[in-house]
Amino acid sequence: MAHLRSKIATPAAVRIRAPARLHLGFLDMNGSLGRRFGSIGLAIDRPATRLSVTRSESNGAYNAESARVFQLLQKYTLAGHGNYAVDVEEAIPAHAGLGSGTQLALAIGTAIAKLDGRELGPNDIAGTGERGARSGIGVAAFQGGGFLIDGGRGPQDRVPPLTLRAEFPEDWRVLLILDPGRAGVSGEAERKAFADLPAFPESAAAHICHLVLMKLVPGLKEQNIVAFGEALTEIQKIVGEHFAAKQGGSAWTSPVVGQLAERMQKMGAVGIGQSSWGPTGFAFVDGDEAAVRLYHSLVEEAKSSGAELIIARGRNTGARIEAL
């Protein structure tokens, strides 16, 4: 964590609530214009990571995610900081496609910066925590929430630049389908999977960008959930087919999640897909009534299959940070 900007008052403890995010697809995995990936994302109100950090004589990790917390503390200690105790009261499920690693790293790094009297931006913290190399939406979700699109990774970028942030409609809901028995690809396996993927057709990238600019974003702005959902489902189909070779030949990491998502679509939900490498799936509906009806129609089926359903909202604010 470099780039000291200014000394600020140092609190005794810092408490942070960081939102999960959905990765809704890539814009351009071809990279012919010099920038690759380009992510579409959405900050959501649940699940979330809640933690508090205090100074300590030695590094300590308590409750959830202790192994990952220790790894992050080692990175920040190497960057010239002291020792800290981190108490993770609640954690976004790991390796589920919800951005848990990025939110944990940003939350701990932000808390340490405040405890150390340093005012650092999320991009600086992400660099030290080795997050945001491929997608910038996790950093943007932490910083300001909302519906997000980044411009892809260029040759000089530490974190891909945010190119669009929009308020997500307050009335829309997203049904999350989680499969705790499965895990998405991550770490070195993820890097290898990306390296081994076939070339992404430039025509497919162009079609995705056309859908985003002329249907997905206008649908969001006009609060037309049908247009938004049709565009998102088509984008997910294109991206999912490309990644299928690394997911057992399917666009879904979890067959159970895929089956439940397809059931939701038949029952009127739109914008069907998988977040990142999954296994978490999603489906959008307009209003609480539709969300509750869909939830109760499928919750027992989900439980019997080992899956979980959650009704979430888009979150139009970033992480909540409290200096105590």
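For the reader, a short list of remarks on this structure follows.
- Members of segment 30-55 that are open to solvent by 40 Å² or more (accessible area, probe 1.4 Å), under 30 Å from residue 206 (Cα atoms) and either within 12 Å of the chain's Cα centre (by Cα) or not charged (D, E, K, R) (or both): 30, 32, 33, 34
- Restricting attention to segment 252-271, the residues being of a type in the set (Val, Ile, Thr) and either open to solvent by less than 10 Å² (accessible area, probe 1.4 Å) or modelled with pLDDT under 95 (or both) number 2.
- Qualifying residue in segment 161-178 (condition: assigned to a helix (DSSP H, G or I) and either in contact (Cβ under 8 Å) with a residue 24 or more places away in the chain or open to solvent by less than 70 Å² (accessible area, probe 1.4 Å) (or both)): no
Each row is one residue, and each column tells you yes or no for (1) of a type in the set (Ser, Thr, Tyr); (2) over 21 Å from the mean Cα position of the chain (by Cα); (3) in a helix (DSSP H, G or I).
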residue	(1), (2), (3)
193	no, no, yes
212	no, no, yes
231	no, no, yes
234	no, no, yes
249	no, yes, no
257	no, no, yes
263	no, yes, yes
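- Number of residues in segment 298-323 that are in contact (Cβ under 8 Å) with a residue 12 or more places away in the chain, loosely packed, with under 14 Cβ neighbours inside 10 Å and out of contact with any strand residue (DSSP E or B) (no Cβ under 6 Å at 6 or more places or on another chain) equals 2.
- Of the residues examined, residue 318 is not one that is within 24 Å of residue 41 (Cβ to Cβ), over 16 Å from the mean Cα position of the chain (by Cα), at pLDDT 95 or above and not polar (S, T, N, Q).
The values are calculated or read from the model by the stated rules, or taken from the named source; none is laboratory data. None of these values were measured; they are calculated from a predicted model. Positions of Cβ are backbone-derived with ideal geometry, glycine not excepted, and every protein chain shown enters the neighbour counts. Accessible surface areas use protein heavy atoms only, side chains included; no ligands, DNA or RNA. Shrake-Rupley method; radii C 1.70, N 1.55, O 1.52, S 1.80 Å.
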